[in-house]
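A short worksheet on the structure shown next.
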Amino acid sequence: MTDDREKIFASIRRGLRGAEKSAALRSAASPLTSMIQHGFESLFIKFKRELEILGGLAEKVENERDVSAFVTDHTEPASSLFIYDDLANSLKSIVESLSVNRRLRFGSEFAAGYDKREVAAFDAALIGCAACVAETGTVLIQTDMRLPAALAPKLFVIVERSRLIASLDEVFTDRFGNSDASNLFLITGPSRTADIEKQLVKGVHGPKEVIVLFLNQ
Amino acid sequence: MTTTEPQSRDFKKLYKKEVANLRLRANLKKATIQALDKRNDSFAELDFDLLRNEAKKIKQESVSHLNELLSQFEDNAHKNNCAVFYAESPEKANAYILDVAQRHAVKKIVKSKSMVTEELRLVPFLEKFGIETVETDLGEYIIQLAGETPSHITAPAIHKSRTEIAQLLHDKIGIELNDDPTFLTGEARKALREKFLSAEMGISGANFLIAENGTAVVVENEGNARLSTSAVKVHVIVTGIEKVIPKFSDLRIFMRLLGRSATGQKLTSYVSLIRGPRRQNEKDGPDEVHIVLLDNGRSALVGTEHQEVLHCIRCGACLNVCPVYRSIGGHAYGSVYPGPIGSLVTPLFFGPKNAPDLPFASSLCGNCTEVCPVGIGIHHQLLAMRHEIKAKTKRGVEAFIFRTFRKTMLRPQRYRLFSRLARIFSSTPIVAKAFKGWTHYRELPKLPARSFREIYKSERGKE
Ligand code: SF4
């Protein structure tokens, strides 16, 4: 089917012909407008406040053992957890200790074209992230498997403290703009709606709970 | 009339019906006031004017380089393995989307919220060909079940109360009758989850297209757009040509403005930055991504005095502050685009003949211009459009009245004669009948028996 590209471009050209000649497209990036202070502690306070206003949870944890204890405390015994590969590979002791009383599945067990229904049945997903943004309580994720983190009712994000950045100014830069991956998701708190009489309800289609743990490593 | 044309010609009939609906007005009042309060709070820690100026500059730059940016976006989208299709009309866009669906033997489509797809009347079109197309945004799902159209840009079911929604879901999907929003949302989640797991194709809009890297940006709160774009084999993005902006860094400005203006959020729950189909090393995501860029009257606005209408980011803030919208709701406009921006966009996209009264559906109070995050002079635009429409349509009686009024005001003798006649006849039934439209809601002021001049003259005579 042939498209209308040339017709549309000609119409725009006609419109611009009479207009004043505009300056060339700017080469500079849009300005930075954030005033947020750097330094992990102050960023963490800001991140925690923003995420918790939205009904999420943010905590500092010292080591992998603390992460396992936290996840165990916040999931039901015998519940099923999906763990993303990069996290499972870098934090092996978490996997070991959780496997005692939780059913664990890993990204490596799934190939392209996997059964969506199998993934939709997990009670929680554990994922690492590219960065966290203090200004808005946002988590940036880029994955080779989009669905587990999008479908699970509970999402644990485990992240090194060095990945906490101050503001959205730092998100919209070449660092995240030029990646090869097909997707980058910014997640800010639980999935929510206010479509019924403006009353807020969490967990519409995505996670109802979003928990971010900052690991001291 | 094509299937995509609005019903705005019937505005006068429609608004009369809606304005009498007191329950609707109460729902709207509650919802819009709450949205506005949250908006105002959320801007407290930011310099709104500074951001708005930046946003306006970027949008001006985008429209004045539209061809260049569209070409750049298209090149980068191709590099990202997306197909790009330009459609001059809704019919052309619909035909392309249908073709994509039929080539993949699609039986079920999950769709996230997009005003452009409403403009296309895409859902009824696809359903005509036997393709089940499910709205997955909760508000849109509700109105799809009700067989209605959205009544607000960002809150489509704003006109419905929880009791009405409970009854609707009870009747249509057979759930228990319970009007608790948490319960209703949970039941809708279950029904829609099944659709996500079985659909082959997803359709979404895009809030922004980034020319420099070919990214489509989809903003939402529920996570349904994320699923509609991820849990399917084929993803079709449908949006307007004016959505392209130059740089990824421009999102620093727009992301801070959009969520706050729409719902008072610092950032919406999900921002999906989509750069094409699943890569080889990725295990899910669509195998194909198609981007349909719709014109439908947009390119003809470039270089005209209405060009800035193309800057709109569809936040809905101008609806929430509009006293007319708050009294009559979205359906009265007879268009997928209601409120102040709808009163501009509808005649511009679909022709003034299809919406001759909409630019007059405004008190010109300027609230809309005040809150617009991209600095569109909405009420100035509305006024300009009124002049255009008036210039084209001569209405006999009205034109005669204004001509006579002008002549009267230009000559003191005529004015005096007119005011004397007005004083004599103002309290007669003929006048009351002639002004009955006006006096239905208020009283015609009583004119004094004597004019100031007459009193002055007689008092001076006494001295
Ligand atoms: S005209 Fe301005 S306020 Fe209204 S929807 Fe568009 S961007 Fe928002």
Point to revise | Candidate lysines for bridging to B:K247, where Cα separation is under 18 Å - those fewer than 8 sequence places away on the same chain excluded | key: B:K56, B:K57, B:K59, B:K79
Review point. Between the helical axis of B:412-425 and the dominant principal axis of chain B, each derived from Cα atoms, what acute angle in degrees is found, rounded to the nearest 10?
Key: 90 degrees
Study note, to complete from the structure: Averaged over the residues of A:130-140, the number of partner chain Cβ atoms within 10 Å of each residue's own Cβ comes to 2
Study note, to complete from the structure: Percent relative contact order for chain B, counting Cα pairs under 8 Å at least six residues apart, stands at 22 percent
Practice item. Just add up the charged neighbours of A:E6: K/R +1, D/E -1, any other residue whose Cβ is under 14 Å from the Cβ of A:E6. Key: 0
Check your understanding: Counting Lys and Arg as +1 and Asp and Glu as -1, what is the net charge of the other residues whose Cβ lies under 13 Å from the Cβ of B:A166?
Key -> -4
Study note, to complete from the structure: Note to self: Kirkwood Rh of the range A:26-145, Cα pairs, one decimal, Å, is 16.7 Å
Check your understanding: From the Cα gyration tensor of the range B:397-461, with a ≥ b ≥ c the square roots of its eigenvalues, which class applies: rounded if a/c is under 1.5, or else prolate if a/b is larger than b/c, or else oblate?
Key -> oblate
**Study point:** Amide proton proximity set for A:T143, modelled H, under 5 Å, gap of 5+
**Key:** none
Practice item. Count neighbours as other Cβ atoms within 10 Å of each site's Cβ, and list the GluC sites (Glu not before Pro) in the range B:27-105 that are DSSP loop with at most 13 such neighbours. Key: B:E45
Check your understanding: Hey, in chain B, which Cys have no second cysteine's beta-carbon closer than 4.7 Å?
Key -> B:C82, B:C312, B:C315, B:C322, B:C365, B:C372
Review point. For chain A, what does -39500 (n - 2.57) per DSSP helix run (n ≥ 4), summed and divided by total residues, give at 222 nm, in deg cm²/dmol to the nearest 500?
Key: -8500 deg cm²/dmol
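If exposed trypsin sites (Lys or Arg not before Pro) are those in a DSSP loop with at most 14 other Cβ within 10 Å, what is the longest stretch of chain B that has none? Present the calculation step by step, with values, prior to reporting the outcome.
On the way: sites that count: B:K107, B:K394, B:R395, B:R442, B:K446, B:R450.
In chain B, the maximal stretch lacking such sites is B:108-393.
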Point to revise | Qualifying chymotrypsin sites (Phe, Trp or Tyr not before Pro) for the range B:362-405 [loop in DSSP, other Cβ within 10 Å: at most 12] | key: none
Review point. Which value, in debye to the nearest 20, describes the size of the charge dipole of the protein assembly as shown about its Cα centre when Lys and Arg Cβ atoms bear +1, Asp and Glu Cβ atoms bear -1, and nothing else is charged?
Key: 4660 debye
Check your understanding: By DSSP, what percent of the beta bridges with both residues in chain A are antiparallel, rounded to the nearest 5?
Key -> 25 percent
**Study point:** For the range A:199-207, 3J(HN,Hα) per residue [Karplus equation, 6.51 cos²θ - 1.76 cosθ + 1.60, θ = phi - 60°, Hz, x = Gly/Pro]
**Key:** 8, 6, 10, 9, x, 6, 10, x, x
Study note, to complete from the structure: By the Kirkwood definition, with r running over pairs of different Cα atoms, chain B has a hydrodynamic radius in Å of 24.4 Å
Point to revise | Calculated on alpha-carbon atoms, Rg and Dmax of the range A:144-187 in Å | key: 12.5, 32
Practice item. Using only the alpha carbons of the range B:320-419, determine the length spanned along each of the three principal axes and report them from longest to shortest in whole angstroms. Key: 50, 28, 24
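For the range A:120-213, take the convex hull of the Cα atoms, compute a quarter of its surface area, and give me that in nm², please.
6.7 nm²
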Exercise for review: Please compute the net charge surrounding B:S327, taking Lys and Arg as +1 and Asp and Glu as -1 over other residues with Cβ under 12 Å from its Cβ.
Suggested key: +3
**Study point:** More than 31 angstrom apart: percent of Cα pairs within the range B:48-300
**Key:** 24 percent
Point to revise | Taking the C-alpha atoms of the range B:161-269, convex hull volume expressed per residue in Å³ | key: 130 Å³
Exercise for review: Any of B:K30/B:K390; B:K13/B:K172; A:K116/B:K107; A:K198/B:K113; A:K60/B:K233; B:K17/B:K446 with alpha carbons more than 28 Å apart? Name them for me.
Suggested key: B:K30/B:K390; B:K13/B:K172; A:K60/B:K233; B:K17/B:K446
Check your understanding: In degrees between 0 and 90, to the nearest 10, how far off the longest principal axis of chain A does helix A:40-53 point, with axes built from Cα atoms?
Key -> 90 degrees
**Study point:** Alpha carbon centroid spacing (whole Å) that separates the range B:4-81 from the range A:1-49
**Key:** 17 Å
**Study point:** the range A:117-217: GluC sites (Glu not before Pro) in DSSP coil with no more than 16 other Cβ atoms inside 10 Å
**Key:** none
**Study point:** Degrees, to the nearest 10: B:452-462 long Cα axis against longest axis of chain B
**Key:** 30 degrees
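What's the carbon and sulfur percent of chain B's accessible surface, probe 1.4 angstrom, rounded to a whole number? All intermediate terms of the calculation are to be shown ahead of the outcome.
On the way: 11040 of 19790 Å².
Taking all protein chains in place, chain B shows 56 percent carbon and sulfur surface.
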**Study point:** Largest to smallest principal axis extent of the C-alpha atoms in chain A, angstrom
**Key:** 72, 48, 42
Study note, to complete from the structure: With no solvent term and unit scatterers on the alpha-carbon positions of the protein assembly as shown, Debye gives log₁₀ I(q)/I(0) at q = 0.09 Å⁻¹ of -0.78
Exercise for review: Return the whole-Å distance between the Cα centroid of the range B:147-174 and the Cα centroid of the range A:151-194.
Suggested key: 32 Å
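The values are calculated or read from the model by the stated rules, or taken from the named source; none is laboratory data. The shown structure was predicted, so the numbers you read here are calculated from the model rather than taken from an experiment. Methodologically, a virtual Cβ is constructed for each residue, glycine included, from the backbone with ideal geometry; neighbour enumeration extends over all protein chains shown. We work out accessible area using only protein heavy atoms, side chains counted, and drop any ligands, DNA or RNA first. Shrake-Rupley method; radii C 1.70, N 1.55, O 1.52, S 1.80 Å.
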